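Structure record follows, encoded as structure tokens.
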Amino acid sequence: MFNIKKLLARALMALSLVGGAAVAGPTYHVDVDTTTLAGKSGYLDFLIVGQGDTATTTAKLSHFTGDFSGAVYTDNTTGSTAGATVGSTGSWNEFALWANFGGQFSFDVSFDQIADNIAGALFQVALLDGGFLYLDPLTADIAQFDVSPGQPIGLAGSDLATISVAADVPEPADAMLMLTGLGLLGFTLRRRA
């Protein structure tokens with residue numbers, strides 16, 4: 001016999017389990033050694049350049065450490081040294097923190113992506129001068145993350161930046177979705193018995 005309550009409960013349970021698992025991803029820890037740049041100041045810069053076929057991508061930055069002066073630059077982004085969000089919604093999506101180089105810096109980054117198109121997004125990390133050019137003597141990004149739908153994230157560090165996978169701690173919203181799904185599963189199994 002067809003039971004609409006059972007169908008709705010199972011659909012809600014499946015949505016909760018899938019929704020909680022779909023957005024979860026690894027958190028990457030990046031260490032930046034700027035000892036060779038002692039005496040220089042500039043931006044620790046984060047950028048996603050949006051393109052027409054780029055999947056909707058969001059980079060969440062947190063746990064900044066280093067000698068930051070407090071000056072922040074944003075373009076289609078939000079954030080501070082407490083954390084930042086860089087998305088791919090505009091044609092230019094940039095977040096930068098002014099820093100006094102010569103020591104160690106670090107931050108964590110995680111990504112959310114909606115597989116709404118076929119192309120991925122490139123998240124770039126650079127050290128820039130006040131004119132937003134590469135800090136002399138650098139000529140390239142210090143780290144890049146190639147974030148493509150359905151693919152492992154491509155990582156590219158440099159002599160200045162090392163990338164590692166941080167301990168994966170679920171976001172509160174993800175944990176709540178997963179707990180809701182498991183609770184509904186338990187409720188359904190108990191009602192069957």
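Throughout, read-outs are computed from the coordinates displayed, never taken from laboratory work. Worth saying up front: this structure is predicted, and the values here are computed from it rather than measured. Glycine gets a Cβ as well: all are built from the backbone with ideal geometry, and neighbour counts include every protein chain shown.
Label-point separation (nm) for residue 119 and residue 158, each offset 7 Å from Cα along Cα-to-Cβ?
It is 2.3 nm.
Compute the distance from the alpha-carbon center of the stretch 66-82 to that of the stretch 121-147, in whole Å.
What the calculation gives is 16 Å, centre to centre.
Calculate one ³J(HN,Hα) per residue across the stretch 56-73 by plugging θ = phi - 60° into the Karplus curve 6.51 cos²θ - 1.76 cosθ + 1.60, and present them in order as whole Hz with x for glycine and proline.
5, 10, 10, 9, 10, 9, 7, 6, 5, 10, x, 8, 9, 8, x, 6, 10, 10
Select from 123, 97, 161 the residue farthest towards the positive end of the dipole of the stretch 28-171; place +1 on Cβ of Lys and Arg, -1 on Cβ of Asp and Glu, and compute about the Cα centre.
So the residue we want is 97.
Can you put 91, 158 in order of Cβ neighbours within 10 angstrom, beginning with the fewest?
Fewest-to-most ranking of 91, 158: 91, 158.
Based on the Cβ-Cβ distance from residue 62 to residue 192, what FRET efficiency comes out when R0 is 45 Å, to the nearest 0.05?
That pair, residue 62 with residue 192, gives E of 0.60.
Pick out, from 37, 142, 109, the residue whose Cα sits farthest towards the positive end of the charge dipole of the stretch 28-171, with +1 on the Cβ of Lys and Arg and -1 on the Cβ of Asp and Glu.
Toward the positive end, the furthest listed residue is 37.
Please rank 37, 127, fewest neighbouring Cβ atoms within 10 Å first, as an exposure proxy. Can you show the working numbers first?
On the way: 37 21, 127 24.
Sorted ascending by nearby Cβ count, the order is 37, 127.
Under unit Cβ charges (Lys, Arg +1; Asp, Glu -1), what dipole magnitude, rounded to 20 debye, does the stretch 28-171 have relative to its Cα centre? If you can, show how the numbers build up before the last one.
Details: 2 positive and 17 negative charges, 30 e Å.
My answer is approximately 140 debye.
Tell me, what HN-Hα J-couplings in whole Hz come from the Karplus equation 6.51 cos²θ - 1.76 cosθ + 1.60 at θ = phi - 60° for each residue of the stretch 143-149, using x for Gly and Pro?
With the stated coefficients, the stretch 143-149 comes to 7, 9, 10, 8, 9, 10, x Hz.
Give me the number: length gained by fully extending residue 132 to residue 100, i.e. 0.36 nm times residue separation minus the C-alpha to C-alpha distance, one decimal in nm.
Here the segment from residue 132 to residue 100 would lengthen by 10.0 nm.
Using the 10 angstrom Cβ neighbour count as an exposure proxy, how do 48, 114, 153, 142 rank, fewest first?
So the ranking, lowest neighbour count to highest, is 114, 153, 142, 48.
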